[in-house]
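As C-alpha cells, the structure follows; a few thoughts come after it.
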Amino acid sequence: MSENNIFLKVRDLAVEYTSDGKVIHAVNGVSFSIDRGKTLALVGETGAGKTTIAKSILGILPDRAARIRKGQIYLDGTDLLKASENEMLKIRGRKISMVFQDPMTALNPIMKVGSQIAETIRIHDAVSKKEAKKKAADMLNLVGIPRNRYNNYPHEFSGGMKQRVIIAMALACRPELLLADEPTTALDVTIQAQVIKMIKDLRDQFNMALILITHDLGVVADIADDVAVVYAGEIVEYGSKEDIYLHPKHPYTKALFNAIPNLETDVDRLENIKGLPPDPAQLPEGCCFSPRCTYALEACTRAKSALATVENRHCCSCSRWKEIDGGNGHE
Amino acid sequence: MGGMGMSDTLIEVKHLKKYFDVPSGQLHAVDDVSFKIEKKKTMGIVGESGCGKSTLGRTLIHLLESTDGSIFFEGRDVTRLNAKELNEFRHQVSIIFQDPYSSLNPRMTAEQMIAEALKITKRCKKDQIEEETRRIFDMVGLDRRFLKSYPHELDGGRRQRVGIGRALAINPKFIVCDEPVSALDVSIQAQILNLLMDLQEQVGLTYVFITHNMSVVRHISDNICVMYLGQLIETCPTKELFTTPLHPYTKALLSAIPSTDITKQKEQVLMKGELTSPINPVPGCRFYARCDHSCEKCLEPQSLQELLPEHFVSCCRARELNQL
C-alpha cells in the first residue's frame, strides 16, 4: 500500500485536557493509518484515551478544556486539524460519522426516529423533504427496522433497536469513515452479534473504513483487520489481528489476554494485572506500564522506548520484548 | 434434584414466583423457578437483560417479597418467617451490587460503611469494631490508607472492594453477587473475581453469581441456571452447559459470544428478533417466536425435565433435537 492511497493517517497526535489547573495527558503521540474497507480496533481500558482519539478525528473535543498539543490527522490528504469549522461541518456526517456507546442517550427523546435520520440527510444533501423521508425509511430498512416504525419515538424501541437507529443515522450520508465507540457494549450478546454482523455487512457494502473502539477482545477478533493496543494515551503495540492475537509481544497485551476468562481454556486463577492504570495527570517518567509490569527493570522506569518493529507492520513499545520472548519474532 | 443429602443444601427454591403489577398487566419477572445450591458452591445465573435474574437474586434473600413458592434456607422456609426470624435470616445473607458508584453511601467513609454493618448485626463488641473493620479491609485487599476515604475518592475496583467488605462484615453464609464485575475494566475484573474466589475458600461462602458474561460465569460457577423471560430454561453443572447445551436458547446464547481465538472462528447461529415482553405472557415456551425449532407442542406449558444426570431442560423438543 503506497503512501498516497492511505485514507486516514494520524501522525504523532497528542491531546491534553486542563481541569482544576491540572494538565491531563490523555493522548501522547499516537500514530496509525487505515485504508478504505478496513477495520482498525483501538483496544484498551477505561481512560486509555481511545475516545479522545476518535473525538480528535471528528473535531468534537470540548473547546475549552481540550487542546491538541501536536500532530496531524490527514483524511484523503487534507489535514483535519487545520480545517476551519465550516469545512469540518461538511466533513462530519458526510465523510466521517460516529456511533456512540450509549444508545439510550444519543437520540432525541421528543423527535420521531425517522425524522431524526431525515434531518441528518437534509443537512448534508440538497434533497426535498419527501426524498429525505424516503431515504430515511430506506436506512431504517437497511439496519433491519421495518419502515412502518418511522413515526415511533425512541422510548418505543429496545436498546438494540435504538443502536440500529443510531447506526442508520450515522450511515445515512454514506460516510467513508465510521468511528464506532463501544457500539455494542450496552447490548446483550445475542443483540451484539446481530449488530456486529450488520456493521460488517455495511462496511463491506460501502467500502467504508471503520475504527472500532472497544475493550471486548472477542468482538475485535470477529471484526478487525488491524489492532492497536492503547495504554495511558499511547499505542503500546500495533499490528494485524494475527500479529496481536497469535504473537503478542508487549507485557501489557499479554497480561490483558490472560486477565479475561475465555470459553476455550480452563484456568484456576486469572492473572491479575497488579495495581491500576496511571493517573493521566501524573504519568510515570519512563514506560507507562512499568509500575505494573512484572518484567520492568530500573531502566524501564527512567526512559520511554518508542514503538519498534517486531516483524513487518507489527510493532511494540517494550524495550525488553526480545529478551522476554526469547528473541523470536513470530516463531 | 440430584442425590445429594439434605445437609449439603444451603438454599433451595421451589416454584418461586415474583410478579409485579404494572399499568398494562402483570409482569412475570420470576415465573415458577426451582433449584438448589449446595454449601460452599457457586450458582451462576445467566440471561439477557430483563430476563429476571436480578429480581431472582433479590427475592432469594427476601429483599423483595416473593409472590408465591418457597425458599428454604438451611431447611427453613424464608417466606414463612416472622419478623424476628426474618431479621436473623438477614444477618446470614448479603448482596453485592453491580454499580459500586450508586450502591455506596456518598456521605460515609469506607470505614463507616463497614462499621455500620458490624453495629447493626451486633456481631462484635463496640470496642472491637475498629479492629474488625481493619481486619475486613485486609481481607478484601484494601490498603488501610483508604479507611477515611469517601466513595468518590476511590476508583471503581476499590469501591467494589468496599462493597464486598460491607457484604462480608455481617459474616454471612450466603452472598448474592449481582453483576459485581460488569462495571469494571478487565484488569480490575480479574482482581475482583480472584478475591471473590479466595474469600469463598477462606470463609466457606455460598454464592449466587448473576451475570450476562458467559466467560465470567464459566470461570466462577459450579452450576449454572439459564433464564429466559422469567423462566428457568436450563440448569446443569457449568462444564456441561458449555460442552452439551441442550436448550435451543442456550445454544444460540453461547454461539453469540465472540471468541478470542482467531484461529477457529465459529459459525454463529444468529437469533432472530429480540426479547418479547414478560407482561401477561401466554402459556407455553417463551422462546417460541425466536426459536428455529418451534412447533405446535411448544405452545403448551413447558416444565423442567432431567434429560441427562443433573441436567434439567425445559424444552419439549430437547430430547428429540439432541438425539437423547
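Read-outs throughout are calculated quantities, based only on the coordinates presented, and are distinct from any laboratory measurement. Note that the coordinates shown come from a computational prediction; the quantities given were computed from them, not determined experimentally. Here the Cβ positions follow ideal geometry from the backbone for every residue, glycine too, while neighbour counts run over all protein chains shown.
Structure above, values below:
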read-out: Between 0 and 90°, nearest 10: helix B:156-169 axis offset from chain B longest Cα axis; value: 80
read-out: Spatial separation of Cα centroids for the range A:82-103 and the range A:119-161, in angstrom; value: 19
read-out: Net +/- balance of residues flanking B:Glu179 in space, Cβ distance below 10 Å, scoring K and R +1, D and E -1; value: -1
read-out: Gaussian network model of chain B, springs between alpha carbon atoms under 10 Å - residue of B:Val93, B:Val78, B:Val203 with greatest fluctuation; value: B:Val203
read-out: Two-site FRET efficiency, A:Asp138 against B:Leu86, from Cβ-Cβ distance with R₀ of 35 Å, rounded to 0.05; value: 0.05
read-out: Rounded to 5, the percent of DSSP beta bridges in the range A:126-244 classed as antiparallel; value: 55
read-out: Within chain A, percent of DSSP bridges classed antiparallel, to nearest 5; value: 60
read-out: Residues whose placed amide H lies under 5 Å from that of B:Gly284, excluding near-sequence neighbours; value: B:Gln302
read-out: Ratio of the Cα radius of gyration of chain A to 2.2 N^0.38 Å, where N counts its residues; value: 1.04
read-out: Using θ = phi - 60° and Karplus 6.51 cos²θ - 1.76 cosθ + 1.60, couplings along the range B:308-318 (whole Hz; Gly, Pro as x); value: 10, x, 6, 10, 10, 9, 10, 7, 5, 9, 4
read-out: Sequence-distant residues sharing a close amide H with A:Val15 (under 5 Å, placed H); value: A:Ala26, A:Val27, A:Asn28, A:Gly29, A:Arg69
read-out: Interchain or long-range residues, amide H under 5 Å from B:Thr260's placed H; value: A:Leu263
read-out: Estimated FRET transfer efficiency (A:Glu298, A:Asp102; beta-carbon r; R0 56 Å; 0.05); value: 0.85
read-out: Semi-axes of the equivalent ellipsoid for chain B, Cα gyration tensor, largest first, Å; value: 36, 23, 18
read-out: For the protein assembly as shown: rounded, prolate or oblate by the Cα gyration tensor [a/c cutoff 1.5]; value: oblate
read-out: Set of lysines with alpha-carbon distance to B:Lys18 below 27 Å, sequence-local pairs under 8 removed; value: B:Lys36, B:Lys39, B:Lys40, B:Lys41, B:Lys53, B:Lys84, B:Lys173, B:Lys251, B:Lys297
read-out: Qualifying aspartates and glutamates (Cα of each under 19 Å from Cα of B:Lys122; at least 8 residues distant if same chain); value: B:Glu85, B:Glu88, B:Glu111, B:Glu130, B:Glu131, B:Glu132
read-out: Global form of the range B:185-291, assessed from the alpha-carbon gyration tensor, a/c cut-off 1.5; value: oblate
read-out: Approximate spin-label separation A:Glu264-A:Arg67, in nm, with each point projected 7 Å along Cα-to-Cβ; value: 4.7
read-out: Cα centre as origin, Lys/Arg/Asp/Glu Cβ charges: the range A:147-305 dipole, Debye; value: 400
read-out: Local electrostatic count, A:Ser290, Cβ distance below 14 Å [Lys/Arg +1, Asp/Glu -1]; value: +2
read-out: Centre separation in Å (Cα based) which lies between the range B:141-199 and the range B:113-128; value: 19
read-out: Pairs of alpha carbons in the range A:249-331 whose separation is greater than 22 Å (percent); value: 33
read-out: Under 21 Å from A:Lys241, Cα to Cα: lysines that are on another chain or at least 8 residues apart; value: A:Lys9, A:Lys38, A:Lys50, A:Lys197, A:Lys200, A:Lys249, A:Lys254, A:Lys322, B:Lys264, B:Lys266
read-out: ³J(HN,Hα), Karplus 6.51/-1.76/1.60, whole Hz, each residue of the range B:194-206, x for Gly, Pro; value: 4, 4, 4, 6, 4, 5, 4, 5, 5, 9, x, 7, 10
read-out: Which of A:Asp79, A:Asp226 has the fewest Cβ neighbours within 10 Å, and the rest in rising order; value: A:Asp79, A:Asp226
read-out: Helix-only CD estimate at 222 nm, as mean residue ellipticity for the protein assembly as shown, using -39500 (n - 2.57) per DSSP H run (n ≥ 4); value: -8500 deg cm²/dmol
read-out: The protein assembly as shown - share of DSSP beta bridges that are antiparallel (%, nearest 5); value: 60
read-out: Helix axis angle, B:110-121 relative to chain B longest principal axis, alpha carbon, degrees; value: 80
read-out: Pairwise centroid distance, computed over Cα atoms, of the range B:256-284 with the range A:31-60, Å; value: 29
